[in-house]
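Some notes on the structure that comes next.
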């Protein structure tokens with residue numbers, strides 16, 4: 001079997017060989033996310049050039065009074081923390097997805113993937129496949145694994161899946177902030 005990259009057998013984050021090597025031991029999917037994470041960690045409100053497109057939202061104009069500056073800075077710190085949290089969770093999600101593909105596949109794994117696809121399709125009854133896990137009992141491990149990888153590819157290539165996952169993560173972050181009592 002050909003080596004995945006010169007220095008790594010698989011992605012240093014998610015462990016995949018399904019995606020091509022991009023740089024620094026990361027697959028193409030994880031590299032983009034890890035690069036974005038490094039950029040967000042380097043954001044500095046005093047140096048707008050570090051923030052790219054986000055700099056416009058947090059411009060410290062000379063006419064702002066101290067309370068307005070404090071509000072902009074607090075808003076900036078919140079946005080930076082949220083973006084970092086989202087990117088870290090995205091890398092964790094990639095790791096979890098790849099681990100699932102390397103383990104033995106059960107009928108319940110397939111049922112959950114089918115329900116996820118049903119949700120992406122906008123079916124009214126999201127639990128349309130509830131209780132069908134035992135239908136896959138006659139499938140051998142290779143067949144279940146192949147089916148899971150096909151279903152996973154559908155989800156991975158759905159732009160709606162990415163948006164929904166990111167929106168869920170943002171809402172989860174906001175709930176955590178609200179429950180911890182942090183001010184916005």
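Taking the structure as given and computing Cα Rg over 2.2 N^0.38 Å, which label from (1) 1.31; (2) 1.14; (3) 0.95 fits?
(1)
Given points 7 Å out from each Cα along the Cα-Cβ axis, report the residue 6 to residue 28 separation in nanometres with one decimal.
In this crude spin-label approximation the distance works out to 2.0 nm.
Mind telling me which of 63, 26, 173 comes out most flexible in a GNM of the chain, alpha-carbon contacts under 10 Å?
Looking only at 63, 26, 173, the largest GNM fluctuation is found for 63.
Once you have the Cα-Cα distance between residue 178 and residue 158, take 0.36 nm times their residue separation minus that, and quote the gain in nm to one decimal.
4.1 nm
Could you calculate the contour length gain from residue 165 to residue 55, that is, 0.36 nm times the residue separation minus the distance between their Cα atoms, to one decimal place in nm?
Residue separation times 0.36 nm, minus the Cα-Cα distance, leaves 37.1 nm.
Beta carbons within 10 angstrom, averaged per residue: use that to sort the peptides 41-53, 78-90, highest first.
78-90, 41-53
Take the Cα of residue 133, step 7 Å along the line toward its Cβ, and report every residue of the range 96-120 whose backbone nitrogen sits under 19 Å from that point.
Correct set: 97, 99-119.
No lab work stands behind these numbers, since they all come straight from the coordinates. Bear in mind that the values here come from a model prediction, so they are computed numbers and not experimental data. Counting neighbours? That spans all protein chains shown, and the Cβs are built from the backbone with ideal geometry, glycine included.
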